[in-house]
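The values are calculated or read from the model by the stated rules, or taken from the named source; none is laboratory data. A quick note: this is a predicted structure, and the numbers were derived from the prediction, not measured. All Cβ positions, glycine included, derive from the backbone under ideal geometry; neighbour counts span all protein chains shown. Note: areas computed on protein heavy atoms with side chains; ligands, DNA, RNA excluded. Shrake-Rupley method; radii C 1.70, N 1.55, O 1.52, S 1.80 Å.
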Amino acid sequence: MVKLETLISLAKRRGFIFQSSEIYGGLNGCWDFGPLGVELLRNLKEIWWKSMTYREDIEGIDASILMHPKVWEASGHVAQFTDPMIDNKISKARYRADNLIEEYIERLRNKNKTELANEIEAKLSSASKPSDYYDIIVEYKIPDPVSGTTEWTEVRYFNLMFKTFIGAVEDASSVVYLRPETAQGIYVNFKNVLETARQKIPFGIAQIGKAFRNEINTKNFLFRTREFEQMEMQYFVKPGTENEWFDYWMNERYEWYLSLGFKKETLRFKVHEKLAHYANRAVDIEYLFPFGWGEIEGIHSRTDYDLRNHQEYSGKKLEYFDPTTNERYIPYVVETSGGVTRTAMALLCNAYDEDMAPTEKGDLEKRTVLRFDPRFAPIKVAVFPLVNKDGMPELALKIYKDVQKHFKAMYDDSGAIGRRYRRQDEIGTPFCITVDGQSLADNTVTIRDRDTMKQIRINVDNIITYLKDNLII
Ligand code: ATP
C-alpha cells in the first residue's frame, strides 16, 4: 500500500492538493484543492448527488453554513459536541484522550498483547466522564508517543464548534457557529421540503456542503481536518420502521463504495457499541487507509431526537400527517453521513499503483499510475502531437478543441512522448491521443489506454464515439 508521504508529495507536485496558506507557513488542518483536486472532488460529488437525488424519494437542498444559534442548542451541540482533551506536561503535546487510548490499544494488539488490549478497550467503551479517560491513562501508564513520559494533566472536555459573531457587536447575543455538520440544515428545512416537494414518508433530503470542527489533533492528511466537506442524506421514516431502513441504507451505501472501485478487502463495517446521545443504532463504513482502518461514512439511526428538539426549541410543529392512516407523528431519521474530502483521499489511495512500463529504447522503467475509475479521473483524455512540426500540432490542437467540448482534456506538446505518457499516467488520465506522421496521410490517430498501455489506431472522426463508449460517464 502507498505510503502517506508519497501520496501527499504526488498530490502537491501534480496540483491535486496544497497546504492552505502555504506561503505563510500553512494553516494546520486546512487544505486547498488545486486544478486536478477540484476536478476529483467535483466528480465525486456529482456521482454521489446523482446516486442520491436522481430517485423519486430523495430531494436535494443547499442550506446556509451560518444558522440561528438556537439550532445548536436544540441539537445538543452546544452542550455535548465535545472531545476529551489531555496535555502532556513535558512535551506540551495535546491529545484527544480517547484517541490516545485507542492508539495505545492498537500498539498492544500489534505486539500480540490481546488480553490487555481487550481489557483497556472494555473500559474505554464505558468511559463517559473526563475522569474515566484520565483513570485509564493513569492506571495503564499510557505514555506520550512524543516524549515517552506519563506526566499528564487532567482530562477536560473541549467543544469543537468554531464560534464567531454576526453583525458589528461582538457580544453573547451575536454568537453564531460555523456548522459542524450539514445535517441540522436538513432538519430545520424538513417542513419546507415536505410541503413544497409534496413528498410522503418515507423520503429523504440530501445535501453536500462544508463543515467545520476545531479538532484537537489534525492528522493523516485529509482524514482529520478542521474544514472539510460532507455529503449527507437524512431519511425520514415512520417510527418502528427505522431498523429495516437502517439495514437498507447500510447495504446501499456499502454497495455504492464498491461501485466506485473500492475492493471488498479494503472496506468493512464497524458497529458502534457506544452510541452518540442522538442514536439508537450506528455503524461506520471503514476504509483501509495506509495508516490503518478509518471511517469514511457513518450510518446512524437518530430516532426523532433532532426533529423533536427542534419542535420544542422553535415552538413550531414538525409532525407528519399520514393521510392514509390519519396518524400524526414526528418521523424517525436514518442518516448516511459521508465525508467528501475523506473519500477523495481514499480514492487517491485506492488508485495509486506502481508498475513497469516500456521506454522508447525498449527497456523497462518504473511508472506511477493512478488507476482511477474513468469517472473520477480529473482529465479524461490528453492530446499530443508526436513532434512540433509537419502540421501535427495543428491537427492535434483541432482534435483537442473538439474533445474538450465533451470531456475535460489536456494538450501537451513538450518533451519526449514517453515522458508525456508518464505525466498523464501519474494523474490517472485514462486515454492519450497522439497525432503522428501517418495521421496527416490517412486521418487516423493512436489512442493509448492508461492501464494496458496498448495503443490502437482509429479514425479522427470516430474519436468522440470511442471516448463516449469507453469512458463510462
Ligand atoms: P470521529 O469520531 O472520527 O471524530 P465522527 O464519528 O464524529 O468522526 P461523523 O460526525 O459521523 O464523524 O461525520 C461523518 C463523516 O464526516 C465522517 O465519516 C467523515 O467522512 C467526515 N468527517 C468528520 N469529521 C471530519 C474531519 N475532521 N475531517 C474530515 N472529514 C471528517
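Pairing each residue of segment 166-177 that is closer than 20 Å to Ile65 by Cβ with any residue that is at pLDDT 85 or above and of a type in the set (S, T, N, Q), provided the two are 6+ apart or on different chains, yields C-beta distances under 8 Å for Ile166/Ser174; Gly167/Ser174; Val175/Thr164; Val176/Thr164; Tyr177/Thr164.
Of the residues making up segment 383-432, those that are more than 32 Å from the chain's Cα centre (by Cα) and of a type in the set (Lys, Arg) are Lys389, Lys398, Lys401.
Residues are listed down the side, and each one gets a yes or a no for (1) over 16 Å from Phe372 (Cα atoms); (2) in contact (Cβ under 8 Å) with a residue 24 or more places away in the chain; (3) loosely packed, with under 15 Cβ neighbours inside 10 Å; (4) in the same structural domain as Lys408 (by TED's automatic domain parsing):
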residue: Pro430; (1), (2), (3), (4): no, yes, no, yes
residue: Ile433; (1), (2), (3), (4): yes, yes, no, yes
residue: Asp436; (1), (2), (3), (4): yes, yes, no, yes
residue: Ala441; (1), (2), (3), (4): yes, no, yes, yes
residue: Ile447; (1), (2), (3), (4): yes, no, no, yes
residue: Thr452; (1), (2), (3), (4): no, no, yes, yes
residue: Asn459; (1), (2), (3), (4): yes, no, yes, yes
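Can you spot a residue in segment 76-85 that is surrounded by fewer than 14 Cβ atoms within 10 Å (Cβ to Cβ), out of contact with any Cys (no Cβ under 8 Å at 6 or more places or on another chain) and β-branched (Val, Ile, Thr)?
From segment 76-85, those surrounded by fewer than 14 Cβ atoms within 10 Å (Cβ to Cβ) are 79-80; that's our starting set.
Adding the requirement that they be out of contact with any Cys (no Cβ under 8 Å at 6 or more places or on another chain) leaves 79-80.
Those left that are additionally β-branched (Val, Ile, Thr): none.
Scanning segment 76-85 turns up no residue that is surrounded by fewer than 14 Cβ atoms within 10 Å (Cβ to Cβ), out of contact with any Cys (no Cβ under 8 Å at 6 or more places or on another chain) and β-branched (Val, Ile, Thr).
Listed conditions (1) in contact with a strand residue (DSSP E or B) (Cβ under 9 Å, 6 or more places away or on another chain); (2) open to solvent by less than 30 Å² (accessible area, probe 1.4 Å) are all met by Leu108, apart from (1). Every listed requirement among (1) within 16 Å of the ligand (Cβ to nearest atom); (2) assigned to a loop (DSSP other than H, G, I, E, B) is met by Arg198 save one, (1). Looking at Leu288, Leu348, just one residue is farther than 29 Å from Pro69 by Cα, touching a residue at least 24 places away in the same chain (Cβ under 8 Å), more than 13 Å from the ligand (Cβ to nearest atom) and part of a strand (DSSP E or B), and that residue is Leu288.
Within segment 45-74, residues that are among the basic types (Lys, Arg) sit with their Cβ atoms under 9 Å from residues that are modelled with pLDDT of 95 or more, at 6+ positions apart or across chains, in these pairs: Lys45/Ile208; Lys45/Glu229; Lys45/Met231; Lys45/Val340; Arg55/Gly204; Lys70/His310; Lys70/Tyr313; Lys70/Ser314. Do the conditions hold for Ile86, that is, is it over 30 Å from Ala409 (Cβ atoms) and either touching a helix residue (DSSP H, G or I) at 6+ places or on another chain (Cβ under 8 Å) or small (Gly, Ala, Ser) (or both)? Spelling it out, Ile86 is indeed over 30 Å from Ala409 (Cβ atoms) and either touching a helix residue (DSSP H, G or I) at 6+ places or on another chain (Cβ under 8 Å) or small (Gly, Ala, Ser) (or both). Taking segment 321-343, which residues are more than 16 Å from the ligand (Cβ to nearest atom) and either closer than 30 Å to Thr225 by Cβ or surrounded by fewer than 20 Cβ atoms within 10 Å (Cβ to Cβ) (or both)? Within segment 321-343, Phe321, Asp322, Pro323, Thr324, Thr325, Asn326, Glu327, Arg328, Tyr329 meet the criteria. Could you tell me whether segment 234-248 includes any residue that is within 16 Å of the ligand (Cβ to nearest atom), assigned to a strand (DSSP E or B), at pLDDT 95 or above and crowded, with 18+ Cβ neighbours inside 10 Å? Yes - at least one qualifying residue is present in segment 234-248.
Could you check how many residues of segment 288-304 are open to solvent by 10 Å² or more (accessible area, probe 1.4 Å) and polar (S, T, N, Q)? Let's see the steps before the verdict.
First, the residues of segment 288-304 that are open to solvent by 10 Å² or more (accessible area, probe 1.4 Å): 288, 290-293, 295, 300, 303-304.
Those left that are additionally polar (S, T, N, Q): 303.
So the count comes out to 1.
For segment 178-195, taking the residues that are open to solvent by 10 Å² or more (accessible area, probe 1.4 Å) and among the polar types (S, T, N, Q), the one that is farthest from the ligand (Cβ to nearest atom) is identified as Asn192. Please work out if Leu307 is assigned to a helix (DSSP H, G or I) and away from the ligand (no atom under 13 Å from the Cβ). For Leu307, the condition - assigned to a helix (DSSP H, G or I) and away from the ligand (no atom under 13 Å from the Cβ) - is met. For the residues Lys270, Lys263, the requirement of being under 23 Å from Leu348 (Cα atoms), within 16 Å of the ligand (Cβ to nearest atom) and not hydroxyl-bearing (Ser, Thr, Tyr) singles out Lys270. Here Asp373 passes the criteria (1) open to solvent by 10 Å² or more (accessible area, probe 1.4 Å); (2) in a strand (DSSP E or B); (3) in contact (Cβ under 8 Å) with a residue 12 or more places away in the chain; (4) not aliphatic (A, V, I, L, M) except the one numbered (2).
For segment 353-370, enumerate the residues that are surrounded by fewer than 21 Cβ atoms within 10 Å (Cβ to Cβ) and either assigned to a strand (DSSP E or B) or in contact with a strand residue (DSSP E or B) (Cβ under 8 Å, 6 or more places away or on another chain) (or both). Working first, answer last.
If we filter segment 353-370 for residues that are surrounded by fewer than 21 Cβ atoms within 10 Å (Cβ to Cβ), which is where we start, we get 353-368.
Selection gives Asp353, Glu354, Asp355, Met356, Ala357, Pro358, Thr359, Leu364, Glu365, Lys366, Arg367, Thr368.
When restricted to residues that are in contact with a helix residue (DSSP H, G or I) (Cβ under 9 Å, 6 or more places away or on another chain), among the acidic types (Asp, Glu) and in a helix (DSSP H, G or I), segment 23-55 contains 0. Annotation note: Cβ proximity below 6 Å between a residue of segment 206-233 that is among the acidic types (Asp, Glu) and a residue that is modelled with pLDDT of 95 or more and assigned to a loop (DSSP other than H, G, I, E, B) (sequence gap 6+ or interchain) occurs for Glu215/Arg226; Glu227/Cys30; Glu232/Thr182. Only one of the listed residues (Leu395, Leu307, Leu318) is in the same structural domain as Asp461 (by TED's automatic domain parsing), modelled with pLDDT of 95 or more and either surrounded by fewer than 23 Cβ atoms within 10 Å (Cβ to Cβ) or under 25 Å from Ile208 (Cβ atoms) (or both). That residue is Leu395. Is one or more of the residues making up segment 173-187 over 31 Å from the mean Cα position of the chain (by Cα), part of a helix (DSSP H, G or I) and more than 30 Å from Glu327 (Cβ to Cβ)? Yes, that holds for at least one residue.
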